[in-house]
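Notes follow once the structure below has been shown.
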Amino acid sequence: MTVKSITLGELLEFKNGLNYLKSDSGVNVYSVGVRNFREQQLKNVKSLERINLSQKPSSDYKLQKNDLLFVRSNGNKNLIGRMILVDELDEDVYYSGFIIRGRIKSEQISAAFLLYCEELIKKQIRKVSGGTNINNLSQGILNDVNIPLIPIKLQEKHAAFLLMLDNKIQKQSEKIKLLEVQKKGLMQKIFKREIRFKDDEGKDFHEWKETSFDDLFQSRNIKQIPTVDAPLMAFTSTGGVEEKGARFDREFLVKNENKTYKRTEFNDLIYSSNNLDVGAIGRNKYGTAVISDVYEIFKVKSTTVAEFAECLIQQKNVLHEILKYRQGALYGQYRIHAIDFLSVIVKLPLIEEQKKIGAFSSKLDEKIQIEKEKVSTLRLQKQAFMQHMFI
């Protein structure tokens, strides 16, 4: 099929958003801001900010179903050009000056189809603007963007299929969030001893006893260069030890090929002093690797169960105790020294109960992981379809 191209200027009528002052007063209206671009569709008016204006805006600024909004300006350059599609709204909604509105003026195009051309559009925006160094998007740039124009019926068919996949992804993601909240609640009850496990004979375990992290962990401070058996990896609050994506890959900045990193082994406990309060603490579930020496690494002693230890150190009250030792350092970085971390006092059950708690946590993690894999499959399906959309 031969596909011709057409410019966005031939398909959409563009208009910049409202500019106003914080001191304005008189009329209170709903307004779309850049923070509302987390979703691909604007449906929920109640999630929007209300702003004060000195007078009621012109009807030209009022959004309609199938309007397309583009991020015009933002401190985060990756957001510039991001799109959102306006759905049916039950109240009057306007949009801020950081946004450009595109309104369909041609019967040759489907607004929903255009939404799924976002990456294609952003790629051209970056090219015209000299790469990723773009500060503002203009109507002129958008006017000149070219997109492949396939028959309208095919556009609608493609958009409907992709929208169906997106709805599935959203529902699946919500299911995962619910499971994670449920797990967090259960683990909190376990560590408050509101839920207790029984031993293999159905009897109660002994009460938990106070101990220090020094009895549970041993600092590991071995440095080496990356190898095939110990590759250079990232450590993140969401994925633990994982391959370095573009966001974390800074190897091109390293001039010394013999630079050493900290070695970590399977089941080690790792934390980032600087980001501990946002969840950068967890267990190495990957295996042998090397990571940046900004992290503290600990071997889990045989006196405790690694899966249990991970649950323990992620409890809010335990994190609070750890963070008491956080000290300021050079260049705005924080530091929690290993010796201070090991001095933290916690309550600990017998190892037999630890095993049951660890196994229970792992079972919940496996259930969550199964649901995450379903999301990954749906995203791969969407990606594959979009790659062949114009073939």
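Where a number appears in this text, it was derived from the coordinates with a stated rule and is not lab data. Note that the coordinates shown come from a computational prediction; the quantities given were computed from them, not determined experimentally. Cβ atoms come from the backbone with ideal geometry, glycine included; neighbour counts cover every protein chain shown.
At the listed q of 0.17, 0.21 Å⁻¹, the Debye profile of region 4-149, built from one uniform point per Cα, gives log10 I(q)/I(0) equal to -0.93, -1.35.
Distance from the Cα centroid of region 133-172 to that of region 313-352 is 47 Å (rounded to whole angstrom).
Remark: for residue pairs LYS105/LYS153; LYS171/LYS372; LYS285/LYS382; LYS168/LYS372; LYS192/LYS356, the C-alpha separation exceeds 20 Å in LYS285/LYS382.
Taking the Cβ-Cβ separation of LYS285 and ASN136 as r and a Förster radius of 45 Å, what is the calculated FRET efficiency to the nearest 0.05? In this case the efficiency is close to 0.55.
You can think of it this way: the chain between VAL27 and GLU39 has 1.6 nm of extra reach, that is 0.36 nm per residue less the Cα-Cα gap. Fewest neighbouring Cβ atoms within 10 Å first, the residues TYR325, TYR94, TYR286 line up as TYR325, TYR286, TYR94.
Two decimals is fine: what's Rg over Rh for the chain, C-alpha atoms, Kirkwood radius as Rh? For the chain, the value is 1.05.
For region 209-348, the fraction of alpha-carbon pairs lying more than 19 Å apart is 50 percent, rounded to a whole number.
Working note: Cα gyration tensor of region 116-157, eigenvalues times five, square-rooted, sorted largest first, giving semi-axes of 24, 10, 8 Å.
Average 1/r across all pairs of distinct alpha carbons in region 167-288, invert it, and you get the Kirkwood radius: 18.2 Å.
Note on THR2 and LYS15: their simple-model spin labels are 3.8 nm apart, each label 7 Å out from Cα toward Cβ.
Full extension of the chain between SER59 and PHE390 yields a length gain of 115.5 nm, computed as 0.36 nm times the residue separation minus the alpha carbon distance. Beyond 13 Å, what percent of the Cα pairs of region 323-391 remain? So the portion of pairs separated by more than 13 Å is 79 percent.
For the chain, complete DSSP H runs whose alpha carbons reach 27 Å or more along their own long axis and whose mean Kyte-Doolittle score is -0.5 or higher are 152-191.
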